[in-house]
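Below: the structure, in structure tokens.
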Amino acid sequence: MKLNYSIIFAIPLMLVLMMDEMYIKMMAPENELLQINLFNLLVKGSAVLSFCYSIINFQHMSPYMRVAFFLLTAYVFALVLESYFKYSTFMVYPHVFLKLFLLSYTFFIYAFYKKNPHLNFKHIVYFILVGFVLHLFIVHPESLSISAFTSHERGAVATSVYMLMIPLMYFLGTYVYGGKLYNLFATFFVLGLIVFFQHRTVWICSTFAIAVFYLYIKFKADKPINLIGRMLPIAFIVTVVSIVMSAFIFTMNPEIITKFQENFTDIENYDSQGTGGWRYLQFLSYLPFIEDNLMIGMRFEGFELPIQFYQEDIDKPVFEDGNGHFFHSFYVDILFYVGMAGMFIYFMTMIHPIRKSITKSPLPITQIILLTFIASGFVYGISYILPPFYFGVLGWCITLIEEKNEAVTSYLKRSAQRMLARRRTRQLQAPVSYR
């Protein structure tokens with residue numbers, strides 16, 4: 001039997017994926033303190049190593065990415081100098097440095113796959129799915145029940161469910177391009193998991209990603225696709241599933257409908273109820289500090305600032321002082337700690353593949369899938385901190401989008417051949433004049 005050694009090239013991205021909470025909990029299911037220590041060790045340590053790897057492989061980056069990495073390095077160096085002159089140590093609060101070091105995962109993955117372009121998408125997809133299922137059965141088997149759904153006892157955190165969007169878009173894209181019922185049913189299976197675990201932000205991200213996916217397929221696909229023909233089986237399955245659920249599940253468990261109604265009401269009234277209202281109040285608590293330090297953020301002073309967000313019922317801080325501030329928004333987090341300067345470096349990198357995809361046509365399905373996931377991060381970041389794996393996937397996406405696209409060459413050749421064929425046809429059909 002011939003072994004497939006290409007999985008070796010998936011290891012770097014898998015290591016970045018493993019920093020998600022669902023993998024860390026499987027390492028120590030019963031020890032919460034060990035989970036926290038593992039997370040801090042893995043995320044902070046690997047971020048520094050990723051940064052160092054990116055410096056070593058700086059010459060392999062494109063000019064655009066070199067500029068982005070140079071700006072990131074300059075800001076980190078400025079923080080090191082500030083830390084040394086103010087606190088007599090080079091890295092006084094790692095929590096603050098991590099606000100910039102998260103982006104180093106992008107440059108690490110980008111530089112690695114720039115030199116080793118052998119990653120198989122399937123390996124990443126099944127690594128995520130197997131990890132998610134194992135996490136449920138090992139750590140939270142009680143979450144797989146109707147009662148857990150109706151009582152809002154979610155067995156997976158938002159980042160883990162958000163990671164499922166990678167398999168979701170992969171199976172949807174594979175179905176749209178190549179058909180096969182397996183891909184269609186796998187799409188619905190992953191979508192069912194996303195819906196079941198009730199992270200409303202991920203619901204919105206999934207809807208947004210599918211809309212972006214449709215636009216890319218319609219305007220940028222590297223081959224003609226019959227979208228109507230592909231959508232008919234989806235409409236049929238949705239109709240059948242809706243009838244079955246209405247007849248059996250919803251009739252026997254009417255509280256499920258009530259739960260869905262509550263979730264959609266929370267989405268509609270994001271600023272006054274549910275976790276959306278909580279995030280909005282947190283944002284208002286820190287808005288004056290963000291406005292006063294808009295350009296370069298509060299940095300180390302931000303870490304030392306007392307907690308500004310209080311629980312109204314008991315008039316106590318939501319978080320403990322001395323550990324930094326934990327925001328439920330990527331944008332608020334970056335603006336508070338490193339200001340518009342830090343946000344510019346992030347946006348410069350995150351927008352790069354999307355900007356390049358607009359001028360690059362046509363696009364292979366792998367690039368379209370990754371681009372839709374990257375685009376969804378701009379929505380996810382409103383409610384949550386973007387996780388490390390997002391920036392790893394971003395690096396992979398940039399590597400692919402910067403590749404010399406063979407599909408473009410073949411597309412241009414086909415177009416030229418069609419033009420020549422039409423010209424010959426017109427010449428043959430032209431009337432012959434006799435003298």
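List of remarks:
- Single residue of Y105, Y113 found to be over 23 Å from V157 (Cα atoms), within 24 Å of the chain's Cα centre (by Cα) and either surrounded by 15 or more Cβ atoms within 10 Å (Cβ to Cβ) or at pLDDT 95 or above (or both): Y113
- Residue in the stretch 297-318 that is modelled with the highest pLDDT, counting only those that are loosely packed, with under 15 Cβ neighbours inside 10 Å and in a loop (DSSP other than H, G, I, E, B): P306
- Pairs with Cβ under 8 Å, 6+ apart, first in the stretch 88-111 and in contact (Cβ under 8 Å) with a residue 12 or more places away in the chain and within 11 Å of F300 (Cα to Cα), second part of a loop (DSSP other than H, G, I, E, B) and open to solvent by less than 30 Å² (accessible area, probe 1.4 Å): Y93/G324; H95/G324; V96/G324
- Close pairs (8 angstrom Cβ cut-off, 6 or more residues apart or separate chains): within 16 Å of P94 (Cα to Cα) in the stretch 59-82, basic (K, R) anywhere: L79/R299; E82/R299
- From the list F137, F85, the lone residue that is within 30 Å of L305 (Cα to Cα), open to solvent by 50 Å² or more (accessible area, probe 1.4 Å) and out of contact with any Phe, Trp or Tyr (no Cβ under 8 Å at 6 or more places or on another chain) is F85.
- Sole residue being more than 14 Å from the chain's Cα centre (by Cα) and among the polar types (S, T, N, Q), chosen from S357, S376: S357
- Checked against (1) closer than 22 Å to S383 by Cβ; (2) at pLDDT 90 or above, V133 passes all but a single condition, namely (1).
- If only residues of the stretch 159-202 that are within 16 Å of the chain's Cα centre (by Cα) and assigned to a loop (DSSP other than H, G, I, E, B) are counted, the one that is nearest to N120 (Cα to Cα) is L164.
- Residue identified as open to solvent by 30 Å² or more (accessible area, probe 1.4 Å), in a helix (DSSP H, G or I) and among the charged types (D, E, K, R) among K223, K218: K218
- Applying a threshold of 8 Å to beta carbon distances and a minimum spacing of six or more residues, or different chains, the list of pairs starting in the stretch 180-203 at a residue that is touching a residue at least 60 places away in the same chain (Cβ under 8 Å) and ending at one that is open to solvent by 60 Å² or more (accessible area, probe 1.4 Å) and aliphatic (A, V, I, L, M) reads T201/I382.
The values are calculated or read from the model by the stated rules, or taken from the named source; none is laboratory data. Being a predicted model, the structure only gives us computed values, none of them experimental. Don't worry about glycine lacking a Cβ; one is built from the backbone with ideal geometry, like all the others, and counts go over all protein chains shown. Note: areas computed on protein heavy atoms with side chains; ligands, DNA, RNA excluded. Shrake-Rupley method; radii C 1.70, N 1.55, O 1.52, S 1.80 Å.
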